[in-house]
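The values are calculated or read from the model by the stated rules, or taken from the named source; none is laboratory data. None of these values were measured; they are calculated from a predicted model. Note that each Cβ is placed from the backbone with ideal geometry, even for glycine, and that neighbours are counted across all protein chains shown.
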Amino acid sequence: MKTGWETYLDELAVFGMRPGLERVRALLGALGHPERHYRAVHVVGTNGKSSTARYVAALLRAHGLRTGAYLSPHLTGYAERLLLDGAPIDAGALGRAVERVRGEITQLPQELGETTQFEVLTVAALLAMAEAGVQVGVVEAGLGGRLDATNVFAAPVVVLTNVALEHTEVLGSTREAIFAEKAAVIDGGDAVFGPLDGLEPLAMQRCARTGAAGHYWGAEVRAEGGPEDFAVELRDTHGRRRYARLRLPTPAGYQVANAALATAAADLLLGGLNEELVRTALAAAVVPGRLQLVRREPLVIADGAHNPHGMAALAASLEAVPRPAPRVAVFAMMRDKAVADVLALALPLADHVVCTSAAQPRSLMAHELAGWVRRVARDDTLSVDAVQDPRDAYRHAVQVAGAAGSVLVTGSLYLLEDLATTLAGEGGEDG
């Protein structure tokens, strides 16, 4: 049974995305600017934002700071979006913050328009962090950066993980345009950049224009090794620091870069880290929905890859994970994603595909996605089923796989949200 504030947030979803900062700034001002009560690390980029934010928060917490981490989307409930010292905020505390924001919305000038779900959640999270006395808030951007609801403070450290084509109808049709939207949150301080694949000159221009100190992947920030044993090396005007013999509780190779960026961010914020505390923090930092091992018979893996960049990273990581045949995949995808490009990378990972639909207005219907799969595959040997309800689709996939096979659940974080209770009931383990 949902509470009043949860129902209120659900109802706000109808307003969708409305980029702009006017409503958020007005609400924060009315609440006494809670975002000014703590330092912030702002994480933007196409992929890896949630993982990087979780790793930053874990590292800062290990060094004795009370931390908050604002993430999106959630898999099990709204409280999962705000972690206080690594644990989801008490639902009652988040509800009270939401109700305070709701009260202030009634006082906003009508010309500002309807406030969106993400705006309410963002303001409530920033308020709840202040009320909880956090010393550092690690904040993941939602969409883009320049007009994103989280762009309301001058963070001393910004992390830009990577840039790929996404939400082109809002952010622009080129990587250069999308970079400009994301990098707009940089305003002085330290900026840590992940692999930019040719956009480095634009990053340097942004840093020069704002007076930010840039720390670039492959130059000031380096990583070597795999998730079971890797090292991070940082270089800047203060010298060289190396954190070695690090480990992550996942076989996902793509998480090494995210952990390295997080280590750089925490290092810059604190002026250096304790190597043993870095090891301890990262070894225990689990990221739900990222190459997550759910069960073993059949082998079930869940990953929220939903764009070409993320699916390519997932495919590369799965090379190190033995997946017995038959390999069954459960897919759902949003219709505004690069469906054909994602499927071209994903379909070689499966012998049998079960298409389904997430409980989200932007989700493709199961039969629509099945049509896409058949067109992209051009392979009569690939078995394709369409099962509209995601829970039924998952159960069907497990039945097809049998105890000796494997199941991959992917294509959308919203699908993982829909299946969160089901997957948790499998006695889930995190890969």
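Which residue is surrounded by the fewest Cβ atoms within 10 Å (Cβ to Cβ), if the candidates are limited to region 39-59 and must be of a type in the set (Gly, Ala, Ser) and under 27 Å from ILE178 (Cα atoms)? If you could, list the steps in order and put the result at the bottom.
Pass one, region 39-59, residues of a type in the set (Gly, Ala, Ser): 40, 45, 48, 50-51, 53, 57-58.
Checking the rest, the ones that are also under 27 Å from ILE178 (Cα atoms) come to 40, 45, 48, 50-51, 53, 57.
Working: ALA40: 26, GLY45: 26, GLY48: 26, SER50: 23, SER51: 27, ALA53: 28, ALA57: 29.
Per the stated criteria, the residue is SER50.
Out of the residues in region 43-98 that are among the small types (Gly, Ala, Ser) and in contact with a strand residue (DSSP E or B) (Cβ under 7 Å, 6 or more places away or on another chain), which is farthest from ALA424 (Cα to Cα)? Quick ask: steps written out before the conclusion?
Residues of region 43-98 that are among the small types (Gly, Ala, Ser), as a first pass: 45, 48, 50-51, 53, 57-58, 62, 64, 68-69, 72, 77, 79, 86-87, 91-93, 95, 97.
Then keep just the ones that are in contact with a strand residue (DSSP E or B) (Cβ under 7 Å, 6 or more places away or on another chain); that gives 45, 50, 53, 57, 68-69, 72, 79.
On the way: GLY45: 29, SER50: 20, ALA53: 23, ALA57: 24, GLY68: 24, ALA69: 22, SER72: 19, ALA79: 17 Å.
Per the stated criteria, the residue is GLY45.
Residues checked against (1) at pLDDT 95 or above; (2) crowded, with 24+ Cβ neighbours inside 10 Å; (3) within 22 Å of ASP336 (Cα to Cα); (4) out of contact with any Gly (no Cβ under 9 Å at 6 or more places or on another chain):
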position	(1), (2), (3), (4)
ARG102	yes, no, no, yes
THR122	yes, yes, no, no
LEU126	yes, yes, no, no
GLY133	yes, no, no, yes
ASP148	no, yes, yes, no
ASP190	yes, no, no, no
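Restricting attention to region 1-46, which residues are at pLDDT 90 or above, of a type outside the set (Ser, Thr, Tyr) and within 25 Å of ASN162 (Cα to Cα)?
LEU21, ARG39, ALA40, VAL41, HIS42, VAL43, VAL44, GLY45
When you scan region 321-343, do you find a residue that is in contact with a Lys or Arg (Cβ under 7 Å, 6 or more places away or on another chain), touching a residue at least 60 places away in the same chain (Cβ under 8 Å) and assigned to a strand (DSSP E or B), even just one? Steps first, please.
Narrowing region 321-343 to residues in contact with a Lys or Arg (Cβ under 7 Å, 6 or more places away or on another chain): 334-336.
Remaining after also requiring touching a residue at least 60 places away in the same chain (Cβ under 8 Å): 334, 336.
Among the residues that remain, those that are also assigned to a strand (DSSP E or B) are: 334.
Checked against the condition, which is being in contact with a Lys or Arg (Cβ under 7 Å, 6 or more places away or on another chain), touching a residue at least 60 places away in the same chain (Cβ under 8 Å) and assigned to a strand (DSSP E or B), region 321-343 yields at least one hit.
Could you say which residue among ARG327, ARG279, ARG323, ARG335 is in the same structural domain as ARG245 (by TED's automatic domain parsing) and either at pLDDT below 95 or among the basic types (Lys, Arg) (or both)? Break it down into steps so the answer makes sense when it comes.
Details: ARG327 fails: in the same structural domain as ARG245 (by TED's automatic domain parsing); ARG323 fails: in the same structural domain as ARG245 (by TED's automatic domain parsing); ARG335 fails: in the same structural domain as ARG245 (by TED's automatic domain parsing).
On inspection, the qualifying residue turns out to be ARG279.
Taking only region 374-400 into account, find how many residues are within 29 Å of GLY425 (Cα to Cα), hydrophobic (A, V, I, L, M, F, W, C) and outside any loop (DSSP other than H, G, I, E, B). Even if it seems obvious, please write down each step before you answer.
So in region 374-400, the residues within 29 Å of GLY425 (Cα to Cα) come out as 383-400.
Still in the list and also hydrophobic (A, V, I, L, M, F, W, C): 384, 386-387, 393, 397-398, 400.
Adding the requirement that they be outside any loop (DSSP other than H, G, I, E, B) leaves 384, 386, 393, 397-398, 400.
Qualifying residue count, region 374-400: 6.
Scan ALA62, ALA93 and give me the residue that is surrounded by fewer than 22 Cβ atoms within 10 Å (Cβ to Cβ) and small (Gly, Ala, Ser).
Numbers: ALA62 fails: surrounded by fewer than 22 Cβ atoms within 10 Å (Cβ to Cβ).
One residue alone meets the criteria, ALA93.
Take the conditions in contact (Cβ under 8 Å) with a residue 24 or more places away in the chain, in contact with a Pro (Cβ under 9 Å, 6 or more places away or on another chain) and at positive phi and apply them to GLY189. Does it pass? Write out each step before concluding.
Details: in contact (Cβ under 8 Å) with a residue 24 or more places away in the chain: yes; in contact with a Pro (Cβ under 9 Å, 6 or more places away or on another chain): yes; at positive phi: yes.
Taking the combined requirement at face value, the residue satisfies it.
Looking for something over 30 Å from ALA403 (Cβ atoms), within 23 Å of the chain's Cα centre (by Cα), at pLDDT below 95 and of a type outside the set (Lys, Arg) - is there at least one such residue anywhere in region 297-308? Please lay out each step first, then the result.
We begin by selecting, within region 297-308, every residue over 30 Å from ALA403 (Cβ atoms); these are 307-308.
Okay, now just the ones that are also within 23 Å of the chain's Cα centre (by Cα), so 307-308.
Now drop any that are not at pLDDT below 95, which leaves 307-308.
Still in the list and also of a type outside the set (Lys, Arg): 307-308.
So far as region 297-308 goes, yes, one or more of its residues are over 30 Å from ALA403 (Cβ atoms), within 23 Å of the chain's Cα centre (by Cα), at pLDDT below 95 and of a type outside the set (Lys, Arg).
Would you mind finding the one in ALA97, ALA124, ALA149, ALA130 that is touching a His at 6+ places or on another chain (Cβ under 6 Å), in the same structural domain as THR263 (by TED's automatic domain parsing) and outside any strand (DSSP E or B)? Break it down stepwise before answering.
Details: ALA97 fails: touching a His at 6+ places or on another chain (Cβ under 6 Å); ALA124 fails: touching a His at 6+ places or on another chain (Cβ under 6 Å); ALA149 fails: touching a His at 6+ places or on another chain (Cβ under 6 Å).
The unique qualifying residue is ALA130.
Just the residues that are on the phi > 0 side of the Ramachandran plot and either under 24 Å from the mean Cα position of the chain (by Cα) or at pLDDT 95 or above (or both), please, taken from region 230-250. Walk me through how you get there before you give the answer.
First, the residues of region 230-250 that are on the phi > 0 side of the Ramachandran plot: 239, 245.
Correct list: ARG245 only.
Which condition number in (1) polar (S, T, N, Q); (2) exposed (fewer than 15 other Cβ atoms within 10 Å of the Cβ); (3) in a loop (DSSP other than H, G, I, E, B) is the one that SER357 fails?
Of the numbered conditions (1) polar (S, T, N, Q); (2) exposed (fewer than 15 other Cβ atoms within 10 Å of the Cβ); (3) in a loop (DSSP other than H, G, I, E, B), the odd one out for SER357 is (2).
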